[in-house]
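The values are calculated or read from the model by the stated rules, or taken from the named source; none is laboratory data. All of these numbers come straight from a predicted model, not from anything done at the bench. Note: ideal-geometry Cβ built from the backbone for every residue, glycine included; neighbour counts use all protein chains shown.
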Amino acid sequence: MLLTLDIGNTSTTIGLFDGDNLLETWSIASEKNRSEDEIGILLINLLRIHNYEHCVHSACMCSVVVCLTERFKNAIKRYLNIEPFVVSNKTTNLLNYCVDYPEEVGADRIVNAFAAYSMYKKTSIVVDMGTATSFDVVKGNGNFLGGIICAGMKIQAESLKKFTSKLPLIKIESSDTAIGPNTIDAMLSGIVRGHACMIDGLIEECEKELGEKAIIIATGGYSDIVAKYMKRKFDYINPNITLEGLKIVYDAHVLPV
């Protein structure tokens, strides 16, 4: 079995694959102060719930949290006796990096782009709605062109609370009307519907520069909410594309064609 880990700024998503089947997924907080031992014990306990602790023989991970990368890597080595494959532009050359500074590209973006390229073999844009909302653009020939990085909806909500004197912190959920009859609905309209309009507009701008229509894949916890207000509908909503991408990257390295 293969353990996959996507370590993000807010949460860490973990997947367990048996062959091509994604058996289990878990989400834990990306606690910056969590020690290697805590991480290792947590992973063992998650696997033990379904008696998988002795079935995992490989691991692949990507991380955008520098302080957690080594801790997770060391915890997996110590507690699972596995040397994990850590994705970065230095460890994988599966994409052609047509960007100014390849070393600056987040590992999760590399994984998402390669997953889209592998699955569709057509020009694709992956819209990942997490702490940040990122757009990753990959051509059908494997050229990674870069993308767009925006403040995510949670950041927007927290910023409105932090930098105003009266606006509350709100839960991100569906927006009933564009014209909010109260403060909460007005904020939801601005954040959720505004995000949908932003994504619509940026996709249009990207396709103008590309000179072609792209396959649009959405992922991240807010995908289903935002999709309701999109004019240009997502071609696919895949909450597990990063975990699936980690498996594809791992297989490409351990099972070279």
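For region 1-48, taking the residues that are hydrophobic (A, V, I, L, M, F, W, C) and over 15 Å from L80 (Cβ atoms), the one that is surrounded by the fewest Cβ atoms within 10 Å (Cβ to Cβ) is identified as A29.
Of the residues making up region 118-145, those that are touching a helix residue (DSSP H, G or I) at 6+ places or on another chain (Cβ under 9 Å) and either under 20 Å from T12 (Cβ atoms) or aromatic (F, W, Y) (or both) number 11.
Would you check if V226 is in contact with a His (Cβ under 6 Å, 6 or more places away or on another chain) and surrounded by 15 or more Cβ atoms within 10 Å (Cβ to Cβ)? I'd like the intermediate steps shown before the answer.
Values: in contact with a His (Cβ under 6 Å, 6 or more places away or on another chain): yes; surrounded by 15 or more Cβ atoms within 10 Å (Cβ to Cβ): yes.
Against the criterion (in contact with a His (Cβ under 6 Å, 6 or more places away or on another chain) and surrounded by 15 or more Cβ atoms within 10 Å (Cβ to Cβ)), V226 qualifies.
Going by what's in this entry, would C67 be described as farther than 23 Å from H253 by Cβ, modelled with pLDDT under 95 and not in a strand (DSSP E or B)? Considered against the rule, which asks whether it is farther than 23 Å from H253 by Cβ, modelled with pLDDT under 95 and not in a strand (DSSP E or B), C67 comes out as yes. Please work out which residue is nearest to T242 (Cα to Cα), limiting yourself to region 56-103 and to residues that are touching a Ser or Thr at 6+ places or on another chain (Cβ under 8 Å) and among the aromatic types (F, W, Y). My answer is F85. Please enumerate the residues belonging to region 72-93 that are surrounded by fewer than 18 Cβ atoms within 10 Å (Cβ to Cβ) and within 17 Å of D136 (Cα to Cα). Across region 72-93, the qualifying residues are S88, N93.
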